[in-house]
Amino acid sequence: MTLDGKRILLGVTGGVAAYKAAELARELQRAGARVQVVMTEAATRFVTPATFQALTGEPVFSDQWDARIDNNMAHIELSRRADAIVVAPATADFMAKAAQGLCDDLLSTLCLARDCPLLMAPAMNRQMWSHPATQRNARQLAADGVTLLGPDSGDQACGETGAGRMLEPLDLIEEIIAFFAPKRLAGHHVLLTAGPTFEPIDPVRGITNLSSGKMGFALARACRHAGAQVTLVAGPVTLATPRGVARIDVQTAQQMHDAVMAELDAAPAAGAPRPDVFIAVAAVADWRIANPSRSKLKKTDEQSVPTLSFTQNPDILAGVARRADAPYCVGFAAESEDLEANGAAKRQRKGVPLLVANIGHATFGRDDNELLLIDADGQRRLPRAGKNALAAALVEEIARRLPVARRPA
Ligand code: CTP
């Protein structure tokens, strides 16, 4: 899911975080959105309209009486064209105004005269944020249907540390994409495996594979956007954890197996459901070295070569699918030949309702992919697309197949 075709009206108010709004404008466009910037007069003291105009290619408005707008109804014209208004940064003053329904400048008037969603990213000093008046305003805004994004905790421009900092632009993008995504997995807990595993030979060497983890991480992100609680058990990869996803890092197949089973056995946290969907995307090593050396293997002379002997790793997916309390299981398959027959046989062998086969073998590390879905009713292709778009499509396919009993009321 991206912001393709979405028209975002980006409202910038007068806080020092206004400089980050420039990057946000850029990232919104990168995600596919068209961006129209409206600034308060105070915001223009921090960043000039020319910056936003250059970044978005659109004129920037801050004056309610701007003669560039037909019939002088800027507040109606601009919000009519928007799919959402995002105010970032939203100062304590602007939040107070919006909570009261005041409208004494263009941006506050737009926020009142709208029939599209309003999102706000608070940004202020920690004392201003924790002040009872601001907290009251935040509650009022939420009660009025405004979505508050953040704030974050951390170092502040004033030199203090605490809650009130604006979310970073990339985190805001994630929240905005999630806001628009249909909540097809709301109430579900999805457990995933992703990435390769690493099987040690000795303390400095091991056997792994070319899996980058990109598809599994994209899927974890898409499940989160779709409203699920998400736990991701990841082999050794260098990818950033998708926002809002709980990540457990492992190295070996045995550790991945143990982490998955522990997650399924754990008493569910208060209010959180037990994992009811399991998606095995990891490229798990089928074998591990039977007796890895505790010390580094030495090359004793020019001729000597070590002999490795292997033992089989547990099949995580099949093990989960066999459980009496098995979640809805989705397997992935990389096949080098006869994809359809091998995929169908693998689905039966693993005992899973849905198997997703990668079409073509050179998918490792790429940013796009093409998938074949195999279930009891037959096969269906998801045509080549970026891994994020494919992940969103796959979430939809999984949500449609979830047994009625697993769908929350
Ligand atoms: N899988 C797993 N645990 C293993 C091996 C595989 O959970 N020890 C999962 C993978 O995450 C994937 C599915 O099983 O979802 C199929 O993996 P794949 O490597 O294609 O199949 P294998 O069972 O290893 O069979 P083969 O390599 O012989 O094709």
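All of the numbers you see were taken from the coordinates with simple rules; none came from a lab. Note that the structure is predicted; figures quoted are calculated from it, not measured. As a convention, Cβ positions derive from the backbone with ideal geometry for all residues, glycine included, and neighbour counts pool all protein chains shown.
Under 1.5 on a/c is rounded, so check that first for the range 70-180, then, if it is not, pick prolate when a/b is larger than b/c and oblate when it is not; a ≥ b ≥ c are the square roots of the alpha carbon gyration tensor eigenvalues.
Details: a/c = 2.07, a/b = 1.56, b/c = 1.33.
Because a/c hits 1.5 or more and a/b exceeds b/c, the range 70-180 counts as prolate.
Over the Cα atoms of the range 106-171, how large are the radius of gyration and the largest Cα-Cα distance (Dmax), in Å?
Looking at the range 106-171, its Cα Rg and Dmax stand at 12.9, 39 Å.
Which of the residue pairs Lys20/Lys387; Lys6/Lys346; Lys346/Lys387; Lys20/Lys183; Lys214/Lys299 have a Cα-Cα distance greater than 32 Å in the structure shown? Working shown, then result.
On the way: Lys20/Lys387 28 Å; Lys6/Lys346 40 Å; Lys346/Lys387 23 Å; Lys20/Lys183 29 Å; Lys214/Lys299 37 Å.
As for pairs spanning more than 32 Å Cα to Cα, those are Lys6/Lys346; Lys214/Lys299.
GNM on the chain, C-alpha springs below 10 Å: top fluctuator among Ala194, Ala318, Ala181?
The residue with the greatest mean-square fluctuation here is Ala318.
Excluding Val16 itself, calculate the net charge of residues whose Cβ lies under 12 Å from the Cβ of Val16, where each Lys or Arg counts +1 and each Asp or Glu counts -1.
Summing Lys/Arg as +1 and Asp/Glu as -1 gives +3.
Enter the Cα centre distance for the pair the range 6-76 and the range 331-381, rounded to the nearest angstrom.
Cα centroid of the range 6-76 versus Cα centroid of the range 331-381: 46 Å apart.
What are the residues whose amide H is under 5 Å from the amide H of Gly11, where those residues sit 5 or more places off or on another chain and H is modelled from the backbone?
Amide H neighbours of Gly11: Val38, Val86, Val87, Ala88.
Report the FRET efficiency, 1/(1 + (r/R0)^6), for Ala143 and Ala269, where r is their Cβ-Cβ distance and R0 is 45 Å, rounded to 0.05.
Details: r = 27 Å, r/R0 = 0.60.
With R0 = 45 Å, the Cβ-Cβ based efficiency is 0.95.
List the pair-distance distribution P(r) of the range 189-406, using every Cα-Cα distance, as the percent of pairs falling in each 5 Å bin from 0 up to the bin containing the longest distance, rounded to whole percents.
1, 7, 14, 19, 20, 16, 10, 6, 4, 2, 1, 0, 0
Could you pull out which residues in the range 208-225 have an amide N less than 20 Å from a spot 7 Å beyond the Cα of Trp287, following the Cα-Cβ vector?
Output list for this probe position: 208-211.
Among Asp144, Asp249, rank each residue by its count of other Cβ atoms within 10 Å, from fewest to most, as a rough exposure measure.
Ranked by crowding around the Cβ, least crowded first: Asp144, Asp249.
Quick one: net charge of Ala42's neighbours, Cβ under 14 Å, K/R +1, D/E -1?
Numbers: positive: Arg45, Lys97; negative: Glu41, Asp63, Asp93, Asp104, Asp105.
So the surrounding residues net to -3.
So how compact is the range 1-137: Cα radius of gyration and Dmax in angstrom?
Expressed in Å, the Cα Rg and Dmax of the range 1-137 come to 14.2, 43.
Post the alpha-carbon centroid distance, the range 276-328 to the range 79-103, in whole angstrom.
First find each Cα centre; the distance between them is then 54 Å.
Once you place label points 7 Å from the Cα toward the Cβ at Asp115 and Arg136, how far apart are they in nm?
So the label points at Asp115 and Arg136 sit 3.3 nm apart.
Please give the contour-minus-distance gain from Gln29 to Thr300: 0.36 nm per residue of separation, less the Cα-Cα distance, rounded to one decimal in nm.
The span from Gln29 to Thr300 would gain 91.6 nm if fully extended.
Please list, by residue number, every one of the GluC sites (Glu not before Pro) in the range 1-100 that is coil in DSSP and has at most 16 other beta-carbon atoms within 10 Å.
When the GluC sites (Glu not before Pro) of the range 1-100 are filtered for loop state and at most 16 Cβ neighbours within 10 Å, Glu41 remain.
What share of Cα pairs, in percent, lie more than 32 angstrom apart in the chain?
When all Cα pairs of the chain are counted, 47 percent exceed 32 Å.
For Leu170 and Asp258 in the same chain, what is the full-extension length gain: residue separation times 0.36 nm, less their Cα-Cα distance, in nm?
Values: separation 88, 0.36 × 88 = 31.68 nm, distance 3.30 nm.
That pair, Leu170 and Asp258, stretches by 28.4 nm at full extension.
In a Gaussian network model over the chain where Cα atoms closer than 10 Å are linked, find which of Gln255, Gln303, Gln348 has the largest mean-square fluctuation.
Checking each option, the largest mean-square fluctuation is seen for Gln303.
Just to be sure I understand the model, the point goes 7 Å from the Cα along the line to the Cβ. What's the resulting Glu160 to Val404 distance in nm?
Once both label points are built, they end up 5.5 nm from each other.
Using Cα springs under 10 Å in a Gaussian network model of the chain, which residue among Glu370, Glu340, Glu302 shows the largest mean-square fluctuation?
Glu302
With θ set to phi - 60°, apply the Karplus curve 6.51 cos²θ - 1.76 cosθ + 1.60 along the range 368-374 and write out the HN-Hα couplings as whole Hz, x wherever there is a Gly or Pro.
10, 6, 9, 10, 10, 9, 10
Once the other residues with Cβ under 10 Å from the Cβ of Gly5 are scored (Lys, Arg +1; Asp, Glu -1), what is the net sum?
+1
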